[in-house]
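Here the structure is laid out as structure tokens; the discussion comes afterwards.
Where a number appears in this text, it was derived from the coordinates with a stated rule and is not lab data. Because the structure is predicted, anything quoted here is derived from the model rather than measured. When we count neighbours, we look across all protein chains shown, and the Cβ atoms used for this are built from the backbone with ideal geometry, even at glycine.
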Amino acid sequence: MRLSGPSAISIGRQVFLSHPPLGERVRRVEFGKVIIEGRAMDTGLGWVLKGPRSYTGEDTVEISCHGSIVVLESLVQAAISRGASLAAPGEFTRRAFLHGRLDLLQAEAVIDLIQAGSQTSLESAYGHVDGRLSQLVRELKDLVVKALSLVEIGLDFSEEDIDAINRVLVVKHLRDALGLATRLIGTFEGNRRRREGISIALFGRPNVGKSTLLNALLGEERAIVTPIPGTTRDVVEGKTVWNGVSVRLSDSAGIHSSDDPIEQEGVKRALQTARDADLILSIFDSSVEWHDEDGVILEFLLERPGLIVLNKADLPKKINIPCLGSYKHSSLDISALTGDGLSTLQDRILESVPFPSEKDGIGLSRQRHFDCLSRIVGNLENGFGMVSSDAFDECLVAELQEGLRAIGEVLGERVDDDILDRIFSDFCIGK
């Protein structure tokens, strides 16, 4: 149980008896007894971290007892009866943010760290918690502040002969800021993929082996497999990790003509899933001859990233795909049933979805960051236009001040309570 706030130590001493009492030896672990309604219910360990040198910036008490749910619930209720209140989701991290222990970028990264589903997303999240992304955003802020200061000096001392020199420096700072902001924006898509996983749609006619392939790539029986065509009608999803990269696979209804409204809806959902995916696996049954409906699958791939997968390589090959050589997409033979070619397929998939390079190993991870940085880029581009067109400096000042407000939103220097509520609602209790 974790307690944080001005009464944490006094409440902790009432529910945990040790010698010396909690708080007399800061940052020392004490052995003691858990006291419920005046009686010892368990033994455990307790320690105190004095604010501001604690996670939340407040006095913090932590009590570790044995794993009994009854004891833990009784301990929590005993603390509540003495003035404590239940923590809301993410409240400890929110208090750390409000007390200046973390900026908002670092606070948001805590939940990314907890939810990291792969090695790459874990490393990225830790880089954010560690403050490396915050440092880059502060470098961006410093460049904008320098440019803004020079413009304001020009306004204050307009009669002095320093305006031309200042404008050269203003242009330099704006160019450097725009370059940094643009590079940070360029990391968003790749970092989103690292955090959420590459989305891959298995696409093809009924009975080409999509469900078997899904199960084989996931390493579990996720989709129902039968010899009857059209078994899958809704979207079936699964998540796995390949070489430290999180991957989301989606199987859906086979693409074919049908008068059945249920099958029509299944085909509609399959098409939408393929449109939304980062990569499409267009799957064909190599053991049967080319079918006219196979052409629909191939045409859908024309303007989209994907791979041509010839499944059922364990059977005699009969398919002959027209004009296959004219397609820019790679093709390979596999057998989802026997596993032949699956490791090569995984490698091809990872090669086909390159991650945009990060800035110093750090990338934007949330839509909020991307939106704010996009506004900043717009402000900086407008600023360039004003400098080159000899617009009034007052207009340039207003544009750069707007950019600084957007940077403040990224770091949490200016943020509304409703935005904080939305951010920390993603956290679990106790974080």
Original post:
Listing THR43, THR182, THR273, THR56 from the residue with the fewest other Cβ atoms within 10 Å to the one with the most, what is the order?
Top reply: THR43, THR182, THR273, THR56
**OP:** May I ask you to derive the FRET efficiency for VAL296 and LYS318 from their Cβ-Cβ distance with R0 = 25 Å, giving the value to the nearest 0.05?
**Re:** 0.80
Subject >> Whether segment 381-431 is rounded, prolate or oblate, judged on the alpha carbon gyration tensor where a/c under 1.5 counts as rounded >> reply: prolate
Original post:
With θ set to phi - 60° and the Karplus curve 6.51 cos²θ - 1.76 cosθ + 1.60, what are the ³J(HN,Hα) couplings of segment 8-18 in order, to the nearest whole Hz, using x for Gly and Pro?
Top reply: 4, 5, 5, 5, x, 5, 7, 10, 9, 9, 9
Subject >> Fully extended contour minus Cα-Cα distance, from GLU303 to ILE36, at 0.36 nm per residue >> reply: 89.4 nm
Subject >> Of LEU364, SER54, ASN215, farthest towards positive along the dipole that unit charges on Lys, Arg, Asp, Glu beta carbons give the chain >> reply: SER54
**OP:** Evaluate E = 1/(1 + (r/R0)^6) for SER389 and ASP421, where r is the Cβ-Cβ distance and R0 equals 41 Å; express this FRET efficiency to the nearest 0.05.
**Re:** 0.45
Original post:
What dipole magnitude, in Debye to the nearest 20, does the chain give about its Cα centre under +1 on Lys/Arg Cβ and -1 on Asp/Glu Cβ?
Top reply: 1700
Subject >> Spatially close lysines, pair count over the chain: Cα under 19 Å, gap of eight or more or interchain >> reply: 9
**OP:** Just the number, please: Stokes-Einstein D of segment 2-86 in µm²/s, Kirkwood Rh from C-alpha pairs, 37 °C, 0.692 mPa s.
**Re:** 262
**OP:** Multiply the residue separation of SER81 and HIS19 by 0.36 nm, subtract the distance between their alpha-carbon atoms, and state the gained length in nm to one decimal.
**Re:** 20.0 nm
Subject >> Linear extension gain, LEU169 paired with SER68, 0.36 nm per residue minus alpha-carbon span >> reply: 29.8 nm
**OP:** May I ask you to sort VAL70, VAL145 by Cβ crowding, counting other Cβ atoms within 10 Å and putting the fewest first?
**Re:** VAL70, VAL145
Original post:
Are there GluC sites (Glu not before Pro) in segment 30-127 that DSSP puts in a loop and that have at most 12 other Cβ atoms within 10 Å, and which ones?
Top reply: GLU37
Subject >> Cα centroid separation - segment 272-287 against segment 27-73, whole Å >> reply: 54
